[in-house]
Amino acid sequence: MRIGIDLGGTKTEIIVLDADGSARLRRREPTPSNDYGAIIDLVARLVRDAELATNIAPGSAQVGIGTPGSLSRATGLLRGSNSVCMNGMPVRRDLEARLGRPIAMANDANCFALSEAVDGAGRGAAVVFGVILGTGVGGGIVIHGRVLDGPNGIAGEWGHNPLPWPRDDERPGPPCFCNHAGCIETFLSGPGLLRDHLQHGGQAASTQAIVEGAMANDASCEATLARYEERLARALAHVVNIVDPDAIVLGGGLSNIERWYASVPRLWARWVFSDRVDTALVRHVHGDSSGVRGAAWLAAPTFHDL
């Protein structure tokens, strides 16, 4: 039995998985705002209550936690979290002390990739690259069922590389919160898609409106999606050239746009350094459950980081 927790900026979710991946329990609660101590208390209570509800001996379950940030290898402190009160804090150390056991921890993109690699859209694939296309853009790499973390803890940080093969009108690119410009995230996130649409004279007020407009033959909306999918093809071709994964699994809100799965593989061959591309581009299976399920799989002894 293993417990997974998805510690998000607005909600915290817990799941209890059997060995076969069946969910014994799943609950969500709002994440306390700007209160680090309350967040630690919440996680401790959720684990305690889950063990009681599923008849697990207190303190015996393996626990994995997914966070929107990552642990610094230099300090052991959390960095890059959208729950800013957690940045610079010893989250892993404090949770291990409260739970009375070692825990596994990884960022949410790694948890997504692991979930889909173990029993989702990438099941059976040797190498899976998981992509989150949402408010931000993230990535994770899973090799033979194990998360690749890397010596700096940043393996798969695809969104903060420059958009490859940029056109003149894409240079230097929009500013990014990481203090660079032209990052993949600034083009392929939801806000990036909307910004590009407005900059080209579009009138839609949301990404959903852009998609609906394209389906209704609005030329401006169609042009925006065409620019997006061509950029997505370039960005993923760069991943194929470096990682050469068996499968790329898309998650996040923008992964639900069906046209990507036909258009992007048709486009990316132009930039992939091969005479054929056998990498599969697939849509997530577990949806918004992928993060918490991946955290639970992270806790399994057979899924330690590389």
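Taken together, the values in this text are just the output of simple stated rules run on the coordinates, not laboratory data. Treat the numbers as computed from the prediction; the structure is a model and nothing was measured. Positions of Cβ are generated from backbone atoms using ideal geometry, with glycine treated the same way; all protein chains shown enter the neighbour counts.
So the values come out like this:
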read-out	value
With eigenvalues of the C-alpha gyration tensor scaled by 5 and rooted, segment 124-284, Å	26, 18, 15
Ile143-Ser33 pseudo-label distance in nm [points 7 Å out on the Cα-to-Cβ vector]	4.3
For segment 2-45 versus segment 171-248, the gap between their alpha-carbon centres in whole angstrom	32
Dipole magnitude of the chain, debye to nearest 20 (Cβ charges: Lys/Arg +1, Asp/Glu -1, about Cα centre)	460
Binned Cα-Cα distance frequencies in the chain - 20 Å width, integer %	34, 55, 11, 0
q = 0.15, 0.19 Å⁻¹: log10 I(q)/I(0) that the Debye formula gives for segment 205-251, counting C-alpha atoms only	-0.51, -0.68
Ranked list, fewest to most other Cβ atoms within 10 Å of each Cβ, for Thr67, Thr135	Thr135, Thr67
Residue order, fewest to most surrounding Cβ atoms within 10 angstrom, among Asp18, Asp196	Asp18, Asp196
Estimated [θ] at 222 nm from DSSP helical runs (n ≥ 4, -39500 (n - 2.57)) normalised by residues in the chain, nearest 500	-10500 deg cm²/dmol
FRET E, pair Ala74, Lys11, Förster distance 25 Å, beta-carbon r, rounded to 0.05	0.25
Potential lengthening between Ala209 and Ala126 on full extension [0.36 nm per residue; Cα-Cα distance subtracted]	26.1 nm
Under 13 Å, Cβ to Cβ, from Gly192 - net charge with Lys/Arg +1 and Asp/Glu -1	0
Set of segment 1-36 residues, backbone N closer than 16 Å to the point 7 Å along the Cα-Cβ line of Arg98	4-15, 28-36
Candidates Arg73, Arg167, Arg146, ranked by Gaussian network fluctuation over the chain, Cα under 10 Å, top entry	Arg167
Global geometry of segment 189-274, whether rounded, prolate or oblate, following the gyration tensor of its Cα atoms and the 1.5 cut on a/c	prolate
13 Å beta-carbon shell around Ala233, net charge (K/R +1, D/E -1)	+4
At least 15 Å along the helix axis (C-alpha) and Kyte average at least 0.0, DSSP helices within the chain	36-53, 108-119, 219-243
Gyration tensor verdict on segment 1-137 (Cα atoms; rounded if a/c is under 1.5, prolate if a/b is larger than b/c, oblate otherwise)	oblate
9 Å beta-carbon shell around Asp18, net charge (K/R +1, D/E -1)	+1
Point-to-point label distance, Glu258-Ala216, nm (Cα→Cβ direction, 7 Å offset)	1.9
Beta bridges by DSSP in the chain, antiparallel share as percent, to the nearest 5	60
Residue order, fewest to most beta carbons within 10 Å, for Leu114, Leu236	Leu236, Leu114
